[in-house]
Amino acid sequence: MAHCVVVEAEEILDKEFPVLDKGFIRLVDYLGSDERVVQAARVSYGKGTKSSREDAGLIDYLMRNRHTSPFEQVALTFHIKMPIFIARQWVRHRTARLNEISGRYSVMKDDFYTPDIEDITLQNSDNKQGRSDELLSRSEADALRAGFEYAQRHAYGEYIKLIDRGIARELARINLPLSLYTEMYWQIDLHNLFHFLELRLGAHAQKEIRMYARTLLEICRKVAPVCCASFERNVLGAVAFSSDEARELKRRLAGGGEGESLLDEKSLARFEDKLK
């Protein structure tokens with residue numbers, strides 16, 4: 001089985017894709033491609049025994065039916081710079097391998113994330129973990145943004161004072177805020193990357209991590225474009241129905257009226273949202 005080389009992926013190796021104000025993602029290395037997924041699925045066949053159309057059809061079949069092991073044959077390694085509060089969400093995905101910069105060994109850089117004016121909003125009253133879409137006045141948002149920056153400068157100044165005094169780096173770092181940027185090398189196989197993207201591109205994910213997820217998908221398209229197209233078509237663009245919702249859909253397709261639904265009010269509202 002020959003080593004998979006993808007021209008489009010080779011062209012972006014080590015290129016920084018900017019995210020947020022100071023962050024980035026770089027593709028450091030990759031193993032495999034669309035071809036490797038097909039080879040793994042048709043382990044008894046050699047290269048060139050099927051057309052590209054048939055290969056795409058096979059990938060679609062694997063994706064639709066959640067036959068995940070062939071996608072695990074492809075792995076990507078990224079160098080990522082992100083705020084610590086994003087990194088804490090990131091590491092919840094325990095199916096990857098990572099190595100993060102250590103504040104015990106290194107003096108942390110004076111790099112902090114400050115949200116744009118339009119991203120400084122109030123807490124969402126319906127979503128306990130999200131922000132609302134209601135914008136603040138420009139003057140109030142400007143003042144709050146300046147407050148973020150002042151607190152960051154003050155915290156970093158106190159950190160440097162401790163470093164200069166010779167205080168242990170592992171202690172000096174402990175008051176640094178979550179907005180501080182960190183860096184990591186992150187290696188993950190294609191199946192688990194798709195799972196990451198399915199969750200982190202969702203509407204309920206925090207905006208900042210959605211921006212990283214979009215960039216990851218953009219890079220991944222260079223490595224495995226057919227797999228990514230299938231993922232976008234069959235997972236991102238798909239809708240899953242519960243068994244009750246499936247029965248309701250069948251009832252309507254059979255000519256049942258909307259007023260006859262057996263779903264309760266909340267379930268019906270969720271069902272209607274999926275049909276939009």
Would it be correct to say that residue 131 is surrounded by 13 or more Cβ atoms within 10 Å (Cβ to Cβ), over 16 Å from residue 172 (Cβ atoms) and in contact with a Pro (Cβ under 9 Å, 6 or more places away or on another chain)?
-> no
Those residues of segment 85-108 which are buried (at least 19 other Cβ atoms within 10 Å of the Cβ) and of a type outside the set (Gly, Ala, Ser), in sequence order = 86, 90, 108
Please go through segment 169-213 and pick out each residue that is part of a helix (DSSP H, G or I), in the same structural domain as residue 229 (by TED's automatic domain parsing) and small (Gly, Ala, Ser).
-> 213
Of the conditions (1) of a type outside the set (D, E, K, R); (2) in the same structural domain as residue 171 (by TED's automatic domain parsing); (3) free of Cβ contacts under 8 Å to residues at least 40 places away in the same chain; (4) assigned to a loop (DSSP other than H, G, I, E, B), residue 102 fails just one. Which one is it?
-> (2)
Residue check for residue 151: under 22 Å from residue 81 (Cα atoms), among the aliphatic types (A, V, I, L, M) and part of a helix (DSSP H, G or I) = yes
If you go through 164, 133, 126, 142, the only one that is of a type in the set (Asp, Glu) and part of a strand (DSSP E or B) is 133
From the list 21, 110, 29, which residue is in contact (Cβ under 8 Å) with a residue 24 or more places away in the chain, outside any helix (DSSP H, G or I), within 21 Å of residue 200 (Cα to Cα) and of a type in the set (Asp, Glu)?
-> 21
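The values are calculated or read from the model by the stated rules, or taken from the named source; none is laboratory data. Here the structure is a predicted model, which means the values were calculated and not measured. Quick reminder, even Gly has a Cβ in these numbers, built from the backbone with ideal geometry, and neighbours come from all protein chains shown.
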